[in-house]
Amino acid sequence: MKRYYQEEIETASREQIREWQSERLVKQVKHVWDNVPFYRKRMEEAGLTPDDIKSVDDLHKLPFITKDDLRDCYPTGLVAKPLSECVRIQSTSGTTGKRVVAFYTQHDIDLWEDCCARAIVAAGGTNEDVCQVSYGYGLFTGGSGLNGGSHKVGCLTLPMSSGNTERQIQFMTDLGSTIICCTPSYAAYLAESINERGVKDQIKLKAGIFGAEAWTEEMRHDIENQLGIKAYDIYGLTEISGPGVSFECEEQNGMHVNEDHFIAEVINPKTGEVLPDGEKGELVFSCITKEAFPLLRYRTRDICILSHEKCSCGRTHVRMTKPLGRSDDMLIVKGVNVFPSQIETVLLNKGYPANYQIIVDRVNNSDTIEVQVEMTAEMFSDNVGTISAKEKDLVDALKAMLGIYAKVKLVDPKTITRSEGKAVRVIDKRNLYKG
């Protein structure tokens, strides 16, 4: 069985990887200096010119980029190629109404699809496989990335997108899908649905590639047992390219970062100091081959640990743990990024005070989100029908902002618990970052 999609790259020596990174970083710094006024200004403020960046040893000199910078530069302020050379955008869900829009040249898409192809081959995929892609398509990167990677491997690709479980199972049985790509919570739901319908003996799945949301080892084992597969983790974010920034091999012990395209660092989130292998901190990525939207030292806000320990799969690229938490207040619910600030924006626009609490849970392996909102004294006197109508109005407004359904419950004034005078905004009962 083929173990690597691009063996020479995936098993390259550490010296070779470092050489690629140094050469590409120097070239990328010159590219953004010449083509992105934002970067030039940031570097000048730090007293830097491209001549100061001679190798990966100099990476730490460059300033960080944050999601706030991306919003401030929306929509095209960080694009490093003429729009006439860009062929696609992908986008995140909007926070406070402003989305992160990432631009791609055809070359960028080719490299991204290579990264996803590596992940599929690492999960045992070949041109003999039927790959069912059940991530969302459209602006979300999940479907597009794995779809392209599946084509490159030569799999028969089923571009199912998410939802419509009846059709998912029908195609799975009729066409003999062997690899499923989706969120882990949807994989768990599919497993449940397959068992309910009594068609498990008609399912030919051998592997699943699951990402876009946090999941525990317990959930992995449960999905593997229910579907009779091996479940692989994949990591990515729209700002960097999408899924395939890193992926698990058969060891299922950390995700290999595609270091020929992305340099990974872990920093102390408070001081910005670069931390050594084995220490937990915030993950930072630099894109060294992207043309249109090349972020350098982008702070992901994901907390993880890097390891250069040798992997028995033969891949030499650094491994990262699953995200162990966040250094900001972002939640990932049903694969969608949700910020309390988005919810606050909706409430304020609707004339509510910003006294609310977000309760996230996972019921039957599916995420739920409830927003409890304190009523004003005037609303408190409304009748039940009026309150129900107000709740429905907020449900619709939140769905428009977040892209997912959130239950809304209007509660009595001053009933949301304050801690030292400050409300606890988020209660996440999912216990996602253990195991």
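Can you check what the net charge comes to around Lys98, using other residues whose Cβ is under 15 Å from the Cβ of Lys98 (Lys, Arg +1; Asp, Glu -1)?
Here the charged neighbours net out to -2.
Assuming a ≥ b ≥ c are the square roots of the Cα gyration tensor eigenvalues, decide whether the range 173-269 counts as rounded (a/c under 1.5), prolate (otherwise, with a/b larger than b/c) or oblate.
Prolate.
Taking the Cα centre of the chain as the origin, how large is its charge dipole in debye, to the nearest 20, when only Lys and Arg (+1) and Asp and Glu (-1) carry charge on their Cβ atoms?
So the dipole magnitude of the chain works out to roughly 580 debye.
Would you please give the FRET efficiency between Asn431 and Lys200, computed as 1/(1 + (r/R0)^6) with r the Cβ-Cβ distance and R0 = 41 Å, to the nearest 0.05?
According to the calculation, E is roughly 0.90.
Note down the net charge around Ala12, summing +1 for each Lys or Arg and -1 for each Asp or Glu among other residues with Cβ under 10 Å from its Cβ.
Net local charge, Ala12 excluded: -4.
Any idea what the relative contact order of the chain is, in percent, if you count C-alpha pairs under 8 Å spaced at least 6 apart?
This gives 14 percent for the chain.
Using only the Cα atoms of the range 284-422, build the gyration tensor, take square roots of its eigenvalues as a ≥ b ≥ c, and label the shape rounded, prolate or oblate: rounded if a/c is under 1.5, else prolate if a/b is larger than b/c, else oblate.
Because a/c hits 1.5 or more and a/b exceeds b/c, the range 284-422 counts as prolate.
Tally Lys and Arg at +1 and Asp and Glu at -1 over the other residues with C-beta under 15 Å from the C-beta of Val121: what net charge comes out?
In short, -3.
Let a ≥ b ≥ c be the square roots of the eigenvalues of the Cα gyration tensor of the chain; is it rounded (a/c under 1.5), or, if not, prolate (a/b larger than b/c) or oblate?
oblate
Taken together, the values in this text are just the output of simple stated rules run on the coordinates, not laboratory data. Being a predicted model, the structure only gives us computed values, none of them experimental. FYI the Cβ positions are ideal-geometry reconstructions off the backbone, even for glycines, and counts take in every protein chain you see.
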